[in-house]
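Please read the structure below before turning to the comments.
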Amino acid sequence: MDTYALKDISLKFKIGQRLAVVGMNGSGKTTFIKLLCRLYDPTEGEILLNVLISENMIIVNICLSFRLYFKTLSCFPLALVKNVAANKEFDDVKASNCLNGAGFGERLLKLSLGLETFLYKDFDKKGVEVSGGEAQKIALARALYKDASFIVLDEPTAALDPIAEYEIYSRMNEIVGNKTAVFISHRLSSCRFCNDIAVFHEGRLIQRGNHDKLVSDNNGKYYELWNAQAQYYE
């Protein structure tokens with residue numbers, strides 16, 4: 001019997017929507033995102049951008065429509081501003097704003113060379129070391145820097161402490177602006193600001209709604225996941 005990574009998934013996005021995708025490890029969350037962004041091709045079904053089927057002829061347009069952040073993204077031994085812009089040409093003001101939005105602003109003020117500071121010492125002995133959490137903030141700023149209709153964030157605060165995570169999520173609507181945003185997170189508390197939550201389990205979409213609706217279903221997977229985490233904070 002064939003084993004599907006995802007099965008019977010049907011979703012529509014509205015402009016400016018905030019969607020959180022949650023579920024246990026292996027439930028299909030990241031596969032869903034990679035299909036959405038056309039990093040994978042679907043073996044069945046279709047993915048549409050407005051009314052256009054995402055065939056190869058419009059793949060470039062689809063890629064330009066998304067700005068992505070995956071938890072495996074890393075920083076490079078280049079100037080900080082180039083890590084954010086990911087380009088030879090860059091806008092200093094925009095890069096600074098993105099770093100501030102990603103929670104790196106306080107560290108930025110302490111860097112003597114500011115945006116021109118090299119990360120690590122591979123190519124510059126004056127380069128600075130950054131922690132895992134700081135590298136994650138820089139990678140998040142990189143995702144925010146790109147102009148695109150969709151922003152997709154896969155575990156954007158996984159390496160941050162709870163206070164730093166709260167500060168970022170409390171400003172997330174301001175940071176994302178009028179873009180359509182999709183968030184993947186194992187920490188359900190970080191998804192409460194989203195007005196729409198999709199719950200994946202074993203490759204299927206089994207629940208969808210806001211936090212209050214989902215947590216009120218005592219027999220639902222979201223209720224199970226929420227209380228499994230909440231017990232450690234009570």
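All of the numbers you see were taken from the coordinates with simple rules; none came from a lab. Only a predicted model underlies this, so the values are computations on that prediction, with no experimental measurement involved. So basically every Cβ, Gly included, is an ideal-geometry build from the backbone, and we count neighbours across all protein chains shown.
Which order do peptides 200-207, 4-11, 83-90 fall in by mean Cβ count within 10 Å, highest first? Walk me through the numbers before you get to the answer.
Numbers: 200-207: 18.0, 4-11: 14.0, 83-90: 15.9.
The most tightly packed comes first, giving 200-207, 83-90, 4-11.
When a footprinting reagent is the concern and you count Cβ atoms within 10 Å, what order do SER149, SER27, SER96 take, fewest first?
On the way: SER149 14, SER27 22, SER96 19.
So the ranking, lowest neighbour count to highest, is SER149, SER96, SER27.
Relative contact order for the chain: what percent, with Cα pairs under 8 Å and sequence separation of 6 or more?
Values: 363 pairs, mean separation 69.6, N = 234.
Relative contact order of the chain: 30 percent.
Under 5 Å between amide H atoms, partner at least 5 residues away or on a different chain: which partners does ASP91 have, H built in plane at 1.01 Å?
Hits under the 5 Å cutoff: none.
What angle, in degrees between 0 and 90 and rounded to the nearest 10, separates the Cα long axis of helix 132-145 from the longest principal axis of the Cα atoms of the chain?
Between the helix axis and the principal axis of the chain, the angle is about 80 degrees.
Which of the lysines could be linked to LYS221 by a straight reach, that is with a Cα gap under 17 Å, when you skip same-chain ones fewer than 8 residues away?
Qualifying lysines at Cα under 17 Å: LYS29, LYS213.
For region 187-198, just list the computed ³J(HN,Hα) in residue order, Karplus coefficients 6.51, -1.76 and 1.60, θ = phi - 60°, integers in Hz, with x standing in for Gly and Pro.
8, 5, 4, 7, 9, 5, 6, 7, 7, 9, 10, 10
What number comes out for the charge environment of ALA86, summing +1 per Lys or Arg and -1 per Asp or Glu over other residues with Cβ under 13 Å away? Write down the numbers at each step before the final one.
Details: positive: ARG67, LYS82, LYS88, LYS94, ARG142, LYS146; negative: GLU89, ASP91, ASP147.
For residues surrounding ALA86, the net value is +3.
What number do you get for region 18-230 when its Cα radius of gyration is normalised by 2.2 N^0.38 Å, N = residues?
Working: Rg = 18.3 Å, N = 213, 2.2 N^0.38 = 16.9 Å.
That works out to 1.09 for region 18-230.
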